[in-house]
Amino acid sequence: MSAELDDLFDDANGDLAVGDLHAAVEKYRACVELDPDFFDGWHALAMALMKTDQIKEAIGAGLKATTLKPNDLLAWTALSQMYVQDQQIGEAEDAKANARILSLGGKIVRDAD
């Protein structure tokens, strides 16, 4: 991670910690613009967007996070919560099922041999 990205992500986390969600969202967006493969940035952006009721965009960011790290339990759990908030119950159940598989030690995507 570049120093610029690291500093920006830390600033966004600071904004989140003090309750300035809109500033955090903008900084998390900047993070993923700097590095489109930055899982932590996408996951944090998704959560901040969900907290600011920008649920459709939150789902998009959450899907990107699960694409980048398909075996991340928290990413699937968060995505399930986003779908519930958007009343997409079928999708929420699917994401929850993936989280359950991971919580039991399974994998959504197997590592390449």
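The values are calculated or read from the model by the stated rules, or taken from the named source; none is laboratory data. Everything quoted here is computed from the prediction, not taken from an experiment. In this analysis, Cβ positions are derived from the backbone assuming ideal geometry, glycine residues included, and neighbour counts consider all displayed protein chains.
Sort out which residues of segment 56-78 are within 21 Å of Asp20 (Cα to Cα) and surrounded by fewer than 18 Cβ atoms within 10 Å (Cβ to Cβ), and write them in order of number.
Result: Lys56, Glu57.
Can you list residue pairs whose Cβ atoms sit under 7 Å apart, with the first residue in segment 82-94 being at negative phi and the second being acidic (Asp, Glu) and not in a loop (DSSP other than H, G, I, E, B)? Count only pairs 6 or more apart in sequence or on different chains.
Pairs found: Tyr83/Glu91.
If you check Asp15, Asp37, which single one turns out to be closer than 29 Å to Lys107 by Cβ, touching a helix residue (DSSP H, G or I) at 6+ places or on another chain (Cβ under 7 Å) and either modelled with pLDDT of 95 or more or not in a helix (DSSP H, G or I) (or both)? Steps first, please.
Numbers: Asp15 fails: closer than 29 Å to Lys107 by Cβ.
Exactly one residue qualifies, and that residue is Asp37.
Being polar (S, T, N, Q) and either surrounded by 17 or more Cβ atoms within 10 Å (Cβ to Cβ) or part of a helix (DSSP H, G or I) (or both): is that true of Gln81 here? It would help to see each step written out before you state the result.
Working: polar (S, T, N, Q): yes; either surrounded by 17 or more Cβ atoms within 10 Å (Cβ to Cβ) or part of a helix (DSSP H, G or I) (or both): yes.
Yes, satisfied.
Within segment 41-54, count every residue that is buried (at least 19 other Cβ atoms within 10 Å of the Cβ) and of a type outside the set (Phe, Trp, Tyr). Before the answer, list the steps.
If we filter segment 41-54 for residues that are buried (at least 19 other Cβ atoms within 10 Å of the Cβ), which is where we start, we get 41-50.
So of that shortlist, the ones also of a type outside the set (Phe, Trp, Tyr) come out as 41, 43-50.
So the answer is 9.
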